[in-house]
Amino acid sequence: MDEYFIKDLMVPISEYATVPVGATLFEAYLALEKAQEKYDHDKYRHRAILVLDKNNRVIGKVGQLDVLRALEPKNENFKMFEDISKYEFSSQFILSLREQYLMQDEPLSNICKKGAQIKVEDLMRAPTEGEYVEENTTLNTAIHQLVRGSHMALLVTRNNEIVGILRLADVFAAIFHTMKKCEIDNQ
Amino acid sequence: MNALEKLFIRIVQRVNINLRELEFDAKPYVWDLIPKNQMTKFYAFYGISPDHPLNLQFKHSGLAGSYFLGQCRVSNSLLYKCDVRGDELKKKGDRFQFKNFNIPISKDEEIVIEDSAFVKTLIHNFSHDPETLEKFFIKDTISTHYANIHGSPSDGCFLGPFSTVDLTTMRDCIIGTFSYVQAGEISHLNIEPGTVWVRSPGAFNFLYRYPIEKLKDYIYFKAGIKPQGILMDFVENRKEDFQRVFDVVNIEPSFDVPATASLDRYAVVRPSTRIGENVLVSQRAYIENSYLGKGANAQENCYIINSRLAGNNVNAHGAKIIEADVGENVFVGFNSFLHGQPENRLSIGKESIIMPHTIIDIAEPLAIPAGHIVWGLVTNQDDLEAHSISIAELSKIKTRFTKGNMFFEGSGENFVSAFQDRIHHILEANGAYFNSHDNSGQGHAQKNQNMSFNTIQPYPRGEYEGLFPTIMIQP
């Protein structure tokens, strides 16, 4: 793996989907689509959008699960599930309750309206300490961070500025590329 | 600032440190709840009898109006009108069964209260925690009006008014107003007001949540105010009756008490009350114009008014029964409020179970059929149907069951048998099955008859005003 460097594997932030704080969920999706169009079609697709403050600093990340979570019905029943989860009921029990109540509500109803109403800052997650990695850090360390934090990507920094995204999919591809190469060399 | 205030500040700080993760500040809730100027006004007292162990130790504590029995150590704590009953503790040589462990008890169990403050709280039963069987500890804990800490070791907790923690070890938890928790072991939980949670890991899990706006009519508590609502008004309106029994040195009952029954001299009994054989009426119980049939009991803070109890009735700590006819073997759980009217009485069929913290408040006659289990808030027939199930039906549940705000998972049969076993055990411990012919089945109703009471007093003035001197009371 020594031949790989984080800066070689990362997606430069200029090629990544970003939106300013205050953008709607729909605007975030358009940004993702636009970034993908510009991006090399042979590579893995982007799956997240970065949210920037007015100084263009990354303050949050919106992933696919965040979007789906935001589109789920948020009625009184939803709050009730959140509340009773802590009372040690089994996950099957909570799931059966959810299914029972979801049948009374269409999860994707008003999707157009929701897309225009939901602001990215309402569903983004602020990066945690373990989601940053310096561009000169070894790839082994980056892999450890990805595994330990179950992250889909890390934010790559240079002098405390975010310069790119190291995606799990790209690291995974690099590892298998190395394995494949070893196999060929051994034959 | 005197020693008592310094002590209170330190207790609050200890609780806040334990509850910092839940971002809870106990001070605005409790600072005015313990009337510091009243801590000199009331004596503390303790019971002695040939049938109870005696080992009481008090150090650097305020104990105003509080009652002690059995084995108990209190240090650096403030207790205001509390009951600490150490008469069901384990004894050296007993064995405790926990799952597959049969654990020997190496020394007599003690209730050990440290760095805590309680208002009108009941502490009773024994530690069910297999990790601490000889020490029923309560530390860094604050509890408020009419809370019950029942067989529940506690470390770093706050209990709201009329809350109950039953047979559960709790660490760093907030127990909301009028919540009941029986869950084995809990930590770092904020239990919302009006939660009734009964869980036996691997067997069953019952949860009911009160509609909070409706609960507020009955009991409401927030920072900066005293607890308010129908429940508080109900007990406050009868406070003066208790004042009389506490002020008089010798008090005799105004009716014949059977030789096998026990009527505590610190209970209020008003005409025209009759009690049957093997009845237990505990201190701070209130009985008015009622009949308690053979083997019935009225535990601490129970109120039974204009009611008839057929016999072998368990009325757990804080249960209130007004204008009701209650069948045999009915269980009424902790802090329940069963409120009929003279023209609209409540009747409860035999062998029914009224879950802890149930409110039945009716303006029309209501009959609960025999063999039913009832929970939550019931104000009419429709509510009853939405908040009850027959015990036979519940016993058939094998996986899960929901009804309104009630959620149940597990074995209904196990749930029912757990309750029925416990009811039987309570009746047994209270002496309901006592047989005077062969003297078998003695319990509290018989053992409490030979009880005398001594009083102890705090410093009336000075640096330690309101605190009691260090006292050790042993045989």
_Test for B:E252: is it surrounded by fewer than 11 Cβ atoms within 10 Å (Cβ to Cβ) and either in contact (Cβ under 8 Å) with a residue 40 or more places away in the chain or not in a helix (DSSP H, G or I) (or both)_ = yes
*Mind checking whether some residue in the stretch B:232-248 is crowded, with 18+ Cβ neighbours inside 10 Å and assigned to a loop (DSSP other than H, G, I, E, B)?*
no
*Does the stretch B:356-372 contain at least one residue that is more than 14 Å from chain A (Cβ to nearest Cβ), of a type in the set (D, E), buried (at least 16 other Cβ atoms within 10 Å of the Cβ) and under 25 Å from the mean Cα position of the chain (by Cα)?*
yes
*Can you list the helices (runs of 4 or more DSSP H) found entirely within the stretch B:375-448 that contain at least 3 residues being away from chain A (no Cβ under 14 Å) and under 19 Å from the mean Cα position of the chain (by Cα)?*
B:412-429
*Which members of the stretch B:359-373 meet the condition of being in contact with a helix residue (DSSP H, G or I) (Cβ under 7 Å, 6 or more places away or on another chain) and either within 17 Å of B:F337 (Cβ to Cβ) or assigned to a strand (DSSP E or B) (or both)?*
B:I359, B:L366, B:I368, B:H372, B:I373
*Those residues that are surrounded by 14 or more Cβ atoms within 10 Å (Cβ to Cβ), within 12 Å of chain B (Cβ to nearest Cβ) and modelled with pLDDT under 80, I need them from the stretch A:65-86; list them, please.*
A:N77, A:M80, A:F81
*asked:* Looking only at the stretch B:442-475, count every residue that is within 15 Å of B:G70 (Cβ to Cβ) and either in contact with an Asp or Glu (Cβ under 6 Å, 6 or more places away or on another chain) or hydroxyl-bearing (S, T, Y) (or both) and tell me the total.
replied: 2
*For A:D122, state whether it is under 30 Å from A:L68 (Cα atoms), surrounded by fewer than 13 Cβ atoms within 10 Å (Cβ to Cβ) and of a type outside the set (A, V, I, L, M, F, W, C).*
yes
*Would you pick out the residues in the stretch B:63-91 that are part of a loop (DSSP other than H, G, I, E, B), touching a strand residue (DSSP E or B) at 6+ places or on another chain (Cβ under 9 Å) and without any contact (Cβ under 8 Å) to a residue 40 or more places away in the chain?*
B:S66, B:K81
_Residue within the stretch B:217-237 that is under 26 Å from B:T168 (Cα atoms), within 14 Å of chain A (Cβ to nearest Cβ) and among the charged types (D, E, K, R) present_ = no
_Of everything in the stretch B:285-299, what is buried (at least 24 other Cβ atoms within 10 Å of the Cβ) and touching an Asp or Glu at 6+ places or on another chain (Cβ under 8 Å)? Give them in sequence order._
B:A285, B:G295
*Among the residues of the stretch B:8-21, write down those that are surrounded by 15 or more Cβ atoms within 10 Å (Cβ to Cβ) and in contact with an Asp or Glu (Cβ under 9 Å, 6 or more places away or on another chain).*
B:I11, B:V12, B:R14, B:V15, B:N16, B:N18, B:L19
_Within the stretch B:49-71, does at least one residue satisfy the condition of being among the small types (G, A, S), surrounded by fewer than 18 Cβ atoms within 10 Å (Cβ to Cβ) and more than 24 Å from B:D140 (Cα to Cα)?_
yes
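Assigned to a strand (DSSP E or B) and of a type in the set (G, A, S) - does that describe any residue in the stretch B:309-324? Quick ask: steps written out before the conclusion?
At the first step, the residues of the stretch B:309-324 found to be assigned to a strand (DSSP E or B) are B:309, B:314-315, B:320-322, B:324.
Remaining after also requiring of a type in the set (G, A, S): B:324.
Yes - at least one qualifying residue is present in the stretch B:309-324.
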*Considering only strands (runs of 3 or more DSSP E) fully contained in the stretch B:124-190, which possess at least 2 residues that are closer than 18 Å to B:L89 by Cα and either assigned by TED's automatic domain parsing to the domain that holds B:E300 or free of Cβ contacts under 8 Å to residues at least 60 places away in the same chain (or both)?*
B:135-139, B:168-171
*Could you list all residues from the stretch B:325-338 that are closer than 20 Å to B:S163 by Cβ and assigned to a strand (DSSP E or B)?*
B:F331, B:V332, B:F337, B:L338
*asked:* Let me spell it out: the conditions are (1) touching a Gly at 6+ places or on another chain (Cβ under 9 Å); (2) in contact (Cβ under 8 Å) with a residue 40 or more places away in the chain; (3) among the acidic types (D, E), and B:E109 meets all of them except one. Which number is the exception?
replied: (2)
*Residue among B:A319, B:A324 that is in the same structural domain as B:R265 (by TED's automatic domain parsing), crowded, with 24+ Cβ neighbours inside 10 Å and over 23 Å from B:G431 (Cβ atoms)*: B:A324
_Looking only at the stretch A:97-125, filter to residues that are in a helix (DSSP H, G or I) and at pLDDT 85 or above; which one of those is farthest from the other protein chains (Cβ to nearest Cβ)?_
A:V120
_Number of positions in the stretch B:193-202 that are modelled with pLDDT of 95 or more and either away from chain A (no Cβ under 14 Å) or in a loop (DSSP other than H, G, I, E, B) (or both)_ = 2
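The values are calculated or read from the model by the stated rules, or taken from the named source; none is laboratory data. As the structure is a prediction and not an experimental result, all values here were calculated from the model. With ideal geometry, Cβ positions are generated from the backbone for all residues, glycine too; neighbour counts draw on all protein chains shown.
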